[in-house]
Amino acid sequence: MNDKPDDGGFDLGEADRLLTTTRAVRRRLDLDRPVPREVVERCIEVAMQAPIGGNQEVRRWVVVTEQALKDEIAEAYRSSAIPYLDEKSQDARGRSDQQERVVASARFLATNLERVPLFVIPCIEPGTDLSSNVSAVADYASVLPGVWNFQLALRARGLGSVLTTLHLYQESRVAHLLGIPAAVNQVALLPVAYTVGRNFKPAKRVDAQQVTYWNVWPTPQ
Ligand SMILES: Cc1cc2nc3c(=O)[nH]c(=O)nc-3n(C[C@H](O)[C@H](O)[C@H](O)COP(=O)(O)O)c2cc1C
């Protein structure tokens, strides 16, 4: 551990490696290795340390391990994901290798979803209030930082996931299946598994300087 007085007491190289290499994992989810319950429980404990608006605990985590439930959820996911991905494939064709790779990877996940050892569905109770930007942000921002904490905690333990939202087109079907009350909103579906290998790399992103404005919004050139 690096504990020079002018830093936060972390090994910054390792902290930044965790933060910059936690990728959307689909093809490299190990579909055959079971995930122990204690690992998921510990990662949810880590997730619960993320901030919440107004100190109001609205986060709920539904962990799905039963095969019959995963089969039905996967079917619901596919019913919206496949038409969406078909459309995306058309758009991505010839655009960039990266775009085409993401679509192919998303299609792999959609096709094999029920084979992933478990799903975690983070929810908000009571449901979201979208009447104003401030209330919508307060609700989603009370759950999504925890979701990301959960994904980081997985990565630190050799597991991976991907934040997916396409099953939300079938939200009520999944709610009915899992007994989630109508007033509760699902926020995502995270397929969870050990990863095949651990060598994930930082993604290509827009240069941070290009999208960081100091003091005033830039005037258009
Ligand atoms: C709000 C949101 C919704 C997403 N929904 C899906 C989804 O439904 N299915 C999927 O396979 N990936 C989904 N993703 C994952 C993105 O496709 C992924 O983050 C993107 O390809 C970039 O990959 P990277 O995070 O490894 O850089 C979603 C990501 C976000 C942030």
Please report, ordered by residue number, the helices (runs of 4 or more DSSP H) entirely within the stretch 133-180 with at least 1 residues that are within 17 Å of Lys201 (Cα to Cα). 144-156
Given the conditions (1) closer than 30 Å to Pro34 by Cα; (2) touching a residue at least 60 places away in the same chain (Cβ under 8 Å), and given that Pro181 satisfies all but one, which numbered condition is not satisfied? (2)
In the stretch 115-151, residues that are surrounded by 14 or more Cβ atoms within 10 Å (Cβ to Cβ), at pLDDT below 95 and among the hydroxyl-bearing types (Ser, Thr, Tyr) total 1
Quick check on Gly197: is it small (Gly, Ala, Ser), closer than 24 Å to Pro36 by Cα and in a helix (DSSP H, G or I)? no
Mind listing whichever residues of the stretch 67-121 are polar (S, T, N, Q) and within 12 Å of the ligand (Cβ to nearest atom)? Ser80, Gln98, Gln99, Ser105, Thr111, Asn112
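The values are calculated or read from the model by the stated rules, or taken from the named source; none is laboratory data. Not measured: the values here are computed from a predicted model. With ideal geometry, Cβ positions are generated from the backbone for all residues, glycine too; neighbour counts draw on all protein chains shown.
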